[in-house]
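Participant: Just dropping this structure here.
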Amino acid sequence: MTDPIIEAHNLTVLYGRKPAIWNVDFKLPEKQVIGIMGPNGSGKSTLLKTIMGIIPPSTGYTKVYNQELDRVRDKISYVPQRQEIDWDFPASVWDIVAMGRFHKRGLFKRLTSEDNDIISDSLQKVNMLGYAKRQISQLSGGQQQRIFLARAIAQQGDLFLMDEPFAGVDIATEEMIIALLKEMKSQGKTLIIVHHDLHTAQSYFDHLVLMNTRLVACGKIADVFTDQVLTDTYGGKLTTISKISQELENKEFPIRHK
Amino acid sequence: MIFLQSISTLFSNDYYTFWVVAAGAGIICFAAGTVGTFSYLRKRALLGDVISHAVLPGVVISFMLTGVKDSLYFLTGATISGLISIAIVDYVQSKSKLKPDTILALTLSVFFGVGIVLLTKIQHSGNGAQSGLDSFLFGKAASMSLHDVTLFSIIAIINTICIVLFIRPFSLISFDEEYAKGIGFNVKFIKYFLAMLTVITVSIGIQSVGIVLMAALLITPASGARFLTNAIPKMIFYAGFFACISGIIGVFISSTGTSMPTGPWIVVVLSSFTLLAIFFGKEKGIFARMQTRKSNQIKINNENILKIVYKTSKEGTISVPIQDIFKESSDKSIRLTLKRLEKNNIISRVKGMIVLHENGKIAAREVIRKHRLWEIYLSKYFQLEADHLHDDAEGIEHIITPEIEKHLITLLDRPEKDPHQSEIPY
């Protein structure tokens, strides 16, 4: 593989004693649409958050562009899960998308007119410019997802990490996001998407990471999206791995002996 | 009369001190309102309560160590023990499985309990200098010295300036801490800085409202302000402003009464402001919502009458005898609705006939169109008996917005007929 954009090495992330991600290694290629899939609680969101440096790994590391995260953070755009947010917050659509420019301006500097142009453009891209002054509490699920997407676009990264952007959105929004993804890919962006709908996986992704706390498979969609691998990910092994995790949690066993 | 007299004496020169104290209390309360806005937005209302109770041991210990009642020592002691309480809450939260509310309640009671024990101990020690320490419980702004007022006001002003400067990072972590971390902000620093500002504000705030009611001074202004605006900078300003006014009025009332504690009065005034905001706030206030419901009802009545007029008018004509309308509808407010429609130039009444104007015709067709589109939508996507469709659509026809209508038309592929084979008027 030429120059992986993301590399995970020996990655383990624990919540307390319970592993959310367990000894995972993979490399992901540039300029592709990459899906991360697995059953509920299989560590997909945790993986994105670890890559973004939001959750520290317990052992191992992830590297982006083969560098320390802080040196390449400007190149990463992040779309968190919208369900984790309290939308009854006193802010307008514009205020939220403007957050996408904060990393450039730091804690205090005012946004420039260039920033404002970028914010408008981003809203335009997701068809939400007309809603700029709207209170975020009045938005539908699809509209919430669009403005999170707009905020990520305003960050102007080369690598997009999206946590379940298709969860609970209307068809029009889903189609719009897909069209945007294709456009971004053609501009040379890399898109990594946590997803849970197996039916659409083949048409959306070029590359797939299948995980269930441990890595089950990682590769081109044609190689990975097979009945066998899907059974491995979603099927019987689920119970075994989660039973072990529960045991670690309940009895306070260490994950490895030294 | 006594009241008026007390007011007029207030403005004499003798009351210079009173006004300084009132202004000081106002400034301190302003700071509490602004800092409290973020406690409110971060859903840390209870943390304010914990901090204010947790500063008591700090205050008492600083007196035990120094033996003098000096506000600077009190402030230092209060700040230290407040910060310790926050650190404990954070640590226990990350290391144990206890739920947040349990941790908060435990920390609050342990600190406050220790504080009260120490306080009782020195009250029985026979040290005359301790008298008045218990005013920390309910606050006694009126007894603040000029020196204290100046000191506290300066600190409060610095605090408020910090809040205004940090409005961006504070808002960001209030909305989504993880995103803030993800884009590279030092969230830990921002959180602890905000916590420190809160602790300092509490430490000076308890001088005027007391420990027991300090949490109210942090949270009440923000919860009222939330009803008035949807923008954080405005919210901070309103919260600070209401707290400030309440502070001044509270000091005023407590100084007229005999040995009246300041804290409860400030909180009473503040709560009245908040109640007013809850009732009269635009958009979110109770009256605004009643208004919305009323205008919805008017819209429904208007549209129903227009529909009847349109439907009962015979092909080609657009006038209907008024009696026919009464036959069609059991609505009691028909006369009122007709009058309103006439006033708005949508219909006119000529010799017992109702004439539908062009704009009325368009409006009537719109309602009928929405009604029938909704029936098609229901019958296509849901299992619903044909005779149930109409009742459902009777309600929904008034709610469908132009965007939803457009969406329905696209979704249903611009249908010509509804499930009852009536034509859809485009």
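Participant: Any chance the range B:90-97 includes a residue that's over 22 Å from B:Q207 (Cβ atoms), hydrophobic (A, V, I, L, M, F, W, C) and either assigned to a helix (DSSP H, G or I) or out of contact with any Gly (no Cβ under 9 Å at 6 or more places or on another chain) (or both)?
Facilitator: Step one: list which residues in the range B:90-97 are over 22 Å from B:Q207 (Cβ atoms), which gives B:90-97.
Checking which are hydrophobic (A, V, I, L, M, F, W, C) leaves us with B:92.
Add one more test, that the residue is either assigned to a helix (DSSP H, G or I) or out of contact with any Gly (no Cβ under 9 Å at 6 or more places or on another chain) (or both), and what stays is B:92.
Yes - at least one qualifying residue is present in the range B:90-97.
Participant: With A:L208, A:L191 as the choices, which residue is under 15 Å from A:I34 (Cα atoms) and out of contact with any Gly (no Cβ under 6 Å at 6 or more places or on another chain)?
Facilitator: Working: A:L208 fails: out of contact with any Gly (no Cβ under 6 Å at 6 or more places or on another chain).
The match here is A:L191.
Participant: Let me ask you something else. Can you work out which of the residues in the range B:223-234 that are at the interface with chain A (Cβ under 10 Å from one of its Cβ atoms) and part of a helix (DSSP H, G or I) is nearest to B:L133 (Cα to Cα)?
Facilitator: B:A225
Participant: Which residues, taken from the range B:151-185, are more than 19 Å from B:F237 (Cβ to Cβ), more than 7 Å from chain A (Cβ to nearest Cβ) and not β-branched (V, I, T)?
Facilitator: Hits for the range B:151-185 are B:L151, B:F152, B:E177, B:A180, B:F185.
Participant: Right, B:T201: within 14 Å of another protein chain (Cβ to nearest Cβ), within 25 Å of the chain's Cα centre (by Cα) and not aromatic (F, W, Y) or not? Working first, answer last.
Facilitator: On the way: within 14 Å of another protein chain (Cβ to nearest Cβ): no; within 25 Å of the chain's Cα centre (by Cα): yes; not aromatic (F, W, Y): yes.
Against the criterion (within 14 Å of another protein chain (Cβ to nearest Cβ), within 25 Å of the chain's Cα centre (by Cα) and not aromatic (F, W, Y)), B:T201 does not qualify.
Participant: Check off (1) within 14 Å of chain A (Cβ to nearest Cβ); (2) under 23 Å from B:T274 (Cβ atoms) for B:I190 and give me the number that stays unchecked.
Facilitator: Of everything listed in (1) within 14 Å of chain A (Cβ to nearest Cβ); (2) under 23 Å from B:T274 (Cβ atoms), B:I190 misses just condition (2).
Participant: For the range B:287-305, which residues satisfy the criterion of being over 12 Å from B:E328 (Cα atoms) and open to solvent by less than 90 Å² (accessible area, probe 1.4 Å)? Steps first, please.
Facilitator: First, the residues of the range B:287-305 that are over 12 Å from B:E328 (Cα atoms): B:287-303.
B:F287, B:A288, B:T292, B:S295, B:N296, B:I298, B:K299, B:I300, B:N301, B:N302, B:E303 - these are the residues of the range B:287-305 that are over 12 Å from B:E328 (Cα atoms) and open to solvent by less than 90 Å² (accessible area, probe 1.4 Å).
Participant: Just wondering, is there one or more residues in the range B:298-313 that are out of contact with any strand residue (DSSP E or B) (no Cβ under 6 Å at 6 or more places or on another chain) and small (G, A, S)?
Facilitator: No: zero hits.
Participant: Here's something else I'd like to know. Taking the conditions exactly as written (assigned to a helix (DSSP H, G or I), of a type outside the set (D, E, K, R) and within 23 Å of B:P261 (Cα to Cα)), does B:L133 satisfy them or not? Write out each step before concluding.
Facilitator: Working: assigned to a helix (DSSP H, G or I): no; of a type outside the set (D, E, K, R): yes; within 23 Å of B:P261 (Cα to Cα): yes.
No; evaluated as a whole, the condition is false for this residue.
Participant: Kindly list the number of the only condition in (1) surrounded by fewer than 18 Cβ atoms within 10 Å (Cβ to Cβ); (2) assigned to a helix (DSSP H, G or I) that fails for A:N23.
Facilitator: That leaves (2) as the condition not met.
Participant: Being basic (K, R) and touching a helix residue (DSSP H, G or I) at 6+ places or on another chain (Cβ under 9 Å) is the filter here; which residues of the range A:55-103 pass it? Working first, answer last.
Facilitator: The initial filter retains those residues of the range A:55-103 that are basic (K, R), namely A:63, A:71, A:73, A:75, A:82, A:101.
Passing the criteria: A:K63, A:R73, A:R82, A:R101.
Participant: Which residue pairs have Cβ atoms under 9 Å apart, sit 6 or more places apart or on different chains, and have a first residue in the range B:36-65 that is in the same structural domain as B:V164 (by TED's automatic domain parsing) and a second that is among the acidic types (D, E)?
Facilitator: Cβ pairs passing all conditions: B:R42/B:E177; B:K43/A:D86; B:L46/B:D101; B:S62/B:D70; B:F63/B:D70.
Participant: Is the range A:86-100 home to any residue that is more than 9 Å from every other protein chain (Cβ to nearest Cβ), more than 18 Å from A:H207 (Cβ to Cβ) and open to solvent by 50 Å² or more (accessible area, probe 1.4 Å)? Quick ask: steps written out before the conclusion?
Facilitator: Looking only at the range A:86-100, we keep the residues that are more than 9 Å from every other protein chain (Cβ to nearest Cβ), and these are A:87-88, A:93-94, A:97-98.
From what is left, the residues that are more than 18 Å from A:H207 (Cβ to Cβ) are A:87-88, A:93-94, A:97-98.
Then drop every residue that is not open to solvent by 50 Å² or more (accessible area, probe 1.4 Å), which leaves A:88, A:94.
The answer is yes, given that some residue of the range A:86-100 is more than 9 Å from every other protein chain (Cβ to nearest Cβ), more than 18 Å from A:H207 (Cβ to Cβ) and open to solvent by 50 Å² or more (accessible area, probe 1.4 Å).
Participant: Do any strands (runs of 3 or more DSSP E) entirely within the range A:155-256 hold 3 or more residues that are surrounded by fewer than 21 Cβ atoms within 10 Å (Cβ to Cβ), and if so, which? Walk me through how you get there before you give the answer.
Facilitator: Values: elements: A:159-163, A:190-194, A:207-212, A:214-220.
It comes to A:214-220.
Participant: Condition first: part of a helix (DSSP H, G or I) and open to solvent by 50 Å² or more (accessible area, probe 1.4 Å). Now tell me which residues in the range A:106-130 satisfy that. Walk me through how you get there before you give the answer.
Facilitator: The initial filter retains those residues of the range A:106-130 that are part of a helix (DSSP H, G or I), namely A:113-125, A:129-130.
Listed by number, the residues that qualify are A:S113, A:E114, A:N116, A:D117, A:D121, A:Q124, A:K125, A:L129, A:G130.
Participant: Now for a different question. Which residue pairs have Cβ atoms under 8 Å apart, sit 6 or more places apart or on different chains, and have a first residue in the range A:69-90 that is touching a residue at least 60 places away in the same chain (Cβ under 8 Å) and within 18 Å of A:M162 (Cβ to Cβ) and a second that is aromatic (F, W, Y) and part of a helix (DSSP H, G or I)?
Facilitator: A:Y78/B:Y179; A:V79/A:F148; A:P80/A:F148; A:P80/B:Y179; A:R82/A:F148
Participant: Scan the range A:57-73 for residues that are within 11 Å of chain B (Cβ to nearest Cβ) and over 16 Å from the mean Cα position of the chain (by Cα) and jot them down.
Facilitator: Kept after step one, since they are within 11 Å of chain B (Cβ to nearest Cβ), are these residues of the range A:57-73: A:69-73.
Residues satisfying the conditions are A:D70, A:R71, A:V72.
Participant: In the set A:G106, A:G130, which member is out of contact with any helix residue (DSSP H, G or I) (no Cβ under 8 Å at 6 or more places or on another chain), on the phi > 0 side of the Ramachandran plot and within 14 Å of another protein chain (Cβ to nearest Cβ)? Before the answer, list the steps.
Facilitator: On the way: A:G130 fails: on the phi > 0 side of the Ramachandran plot.
Sole residue among the options that is out of contact with any helix residue (DSSP H, G or I) (no Cβ under 8 Å at 6 or more places or on another chain), on the phi > 0 side of the Ramachandran plot and within 14 Å of another protein chain (Cβ to nearest Cβ): A:G106.
The values are calculated or read from the model by the stated rules, or taken from the named source; none is laboratory data. Just so it is clear, the structure is predicted and the values come from calculations on it, not from any experiment. Note that we place each Cβ from the backbone using ideal geometry, even for glycine, and neighbour counts take in every protein chain shown. Heavy atoms of the whole protein, side chains included, go into the accessibility calculation; ligands, DNA and RNA do not. Shrake-Rupley method; radii C 1.70, N 1.55, O 1.52, S 1.80 Å.
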